[in-house]
Amino acid sequence: MIIDLHIHSSASDGKLSAKEIFREAKARRISFLAITDHDCISCQREAIVEAKKEGIRYVSGVELNVTFSDDGFHEGNPISLDFLGYQFDPTNEALESKLATIARYREERAAKILDNLNKEFKKENIQPLTNLDLKRIEESADGVLGRPHIADYLVRKSIVRTRQEAFDKYLVKCDVPKYPLYLEEASDLVRNANGKLILAHPSDPHGTSLVTLTASLLEQTRIIQERMLPLIDGIECWHSRSSVEVTNHYIAFAKKHELIMTGGSDCHQKPIIMGTVQVPSWVAKRFL
C-alpha cells in the first residue's frame with residue numbers, strides 16, 4: 001500500500017491541480033493520500049470528488065503555519081512551525097473564515113515586502129516596483145501568495161538570476177512577519193472541525209521545523225512534550241527530508257505518548273516525488 005499524506009497543489013505552491021494530482025497518484029499506484037495546501041483548503045471539495053473517480057482513499061488536509069516560541073531557545077523570539085490538519089470538515093465555517101483572513105493578510109504582507117524591496121532598490125539605483133508589479137505578482141500566484149512568487153517575479157524582471165539569489169540578496173532582509181496563528185488557536189480550529197492536528201517534519205534541516213530552535217532530537221522532543229502534547233494528535237514521522245535517525249527517534253516518541261504517526265513526500269511537483277516516501281500501511285488504520 002502506497003501512502004502519501006503530504007502533497008501540495010496549485011491552490012498553494014504546487015504545480016499540479018487536484019485533478020492532475022489524482023491522475024498522477026493513480027499512475028503511481030498511490031492508494032491513500034491527502035492534499036495539504038499551505039493555509040488553504042479551497043481544493044478540498046474537488047479533491048474528494050476526484051478521489052472517488054479514481055478509486056483512491058482520501059482524507060482532507062491542510063498545512064498551517066504557526067507562530068511558536070520557547071523561552072529556553074532563540075532568546076524567546078518567535079519562529080515558524082508547520083502543522084498538518086487532517087480529516088476535518090472542509091465546510092467548517094470557523095476554519096474557512098480564519099483561512100480567508102490569513103489569505104487577505106498575505107496580500108497585505110506582499111505589499112509591505114515590496115515597500116521594503118523598494119528601499120533596497122533605491123540604494124542600488126534599481127527602478128522601484130509599482131502597484132502594477134504587485135498586481136502581476138498576484139496574478140502569477142495560482143494559489144496562496146507568498147515570497148516565492150515575489151522571488152520568481154524578480155527573476156523575470158532580471159533583477160536577480162535565480163529564486164535563491166532573490167532570497168539571499170533581498171527577501172530575507174526585506175521580510176515581513178507572517179500572520180500570527182498560535183498553536184492553541186490552530187489546535188482549536190482543526191479539532192473543532194472534527195479533525196486531527198499533526199506536527200509536520202519536526203526535524204527538517206532545510207525547512208520550517210524545530211531545528212530552528214535546536215538540532216538536538218532529545219531537546220526537540222522535550223519541547224514537544226512540555227509545550228505541545230495537549231494540543232496535538234500526532235507527528236509526521238516519515239518525510240522526504242527525514243533521515244533514518246530522525247524517523248526512528250520520532251516513531252519511538254510517538255509510540256511512547258500514543259500519538260498518531262503520519263508521513264508523506266511534501267511533494268510540490270518540482271520534481272514529482274509523490275509516493276516515494278515509504279510510509280507503513282498500518283498508518284492508514286489511524287484514519288478509519
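Details
- Ranking LEU154, ILE126, ILE137 by Cα position along the charge dipole of region 109-171, where only Lys, Arg, Asp and Glu carry charges on their C-beta atoms, puts ILE126 farthest toward the positive end.
- Residue among LEU81, LEU197, PRO271 farthest towards the positive dipole end of the chain, charges placed on Cβ: PRO271
- Annotation for region 192-259: GluC sites (Glu not before Pro) lying in DSSP loop with at most 10 further Cβ atoms inside 10 Å of their Cβ are GLU258.
- Filter on LYS15/LYS169; LYS52/LYS98; LYS26/LYS52; LYS26/LYS270 - keep pairs with C-alpha separation over 23 Å: LYS15/LYS169; LYS52/LYS98
- Karplus-derived HN-Hα couplings along region 185-202 (A = 6.51, B = -1.76, C = 1.60, θ = phi - 60°), whole Hz, x at Gly and Pro: 6, 4, 4, 4, 4, 6, 5, 5, 9, 6, x, 10, 10, 10, 6, 7, 4, x
- Normalised by 2.2 N^0.38 Å, where N counts its residues, the alpha-carbon radius of gyration of region 109-171 equals 1.01.
- Sparse packing (at most 11 other Cβ atoms within 10 Å of the Cβ) combined with a DSSP loop state is found for the following trypsin sites (Lys or Arg not before Pro) in region 1-103: ARG29.
- Proportion of all alpha-carbon pairs of the chain beyond 26 Å (%): 45
- Cα-based Rg and Dmax for region 141-288, where Dmax is the largest Cα-Cα distance (Å): 17.6, 52
- About its Cα centre, the chain has a charge dipole of approximately 800 debye under the convention of +1 per Lys or Arg Cβ and -1 per Asp or Glu Cβ, with nothing else charged.
- Whole-percent pair-distance distribution, where bins are 10 Å wide, for the alpha carbons of region 146-199: 22, 30, 19, 23, 6
- When the charge dipole of the chain is built from unit charges on Cβ atoms (+1 for Lys and Arg, -1 for Asp and Glu) and taken about the Cα centre, the candidate among ALA110, ALA18, LEU213 whose Cα reaches farthest toward its positive end is ALA18.
- HN-Hα J in Hz across region 205-210 - Karplus 6.51, -1.76, 1.60, θ = phi - 60°, x for Gly and Pro: x, 10, x, 7, 7, 5
- Taking one quarter of the surface of the convex hull spanned by the alpha-carbon atoms of region 8-69 gives a direction-averaged projected area of 4.4 nm².
No value in this document is a laboratory result; all are computed from the given coordinates. Every value quoted in this text rests on a predicted model; they were computed, and no experiment measured them. All Cβ positions, even for glycine, are placed from backbone atoms using ideal geometry, and neighbour counts span all protein chains on display.
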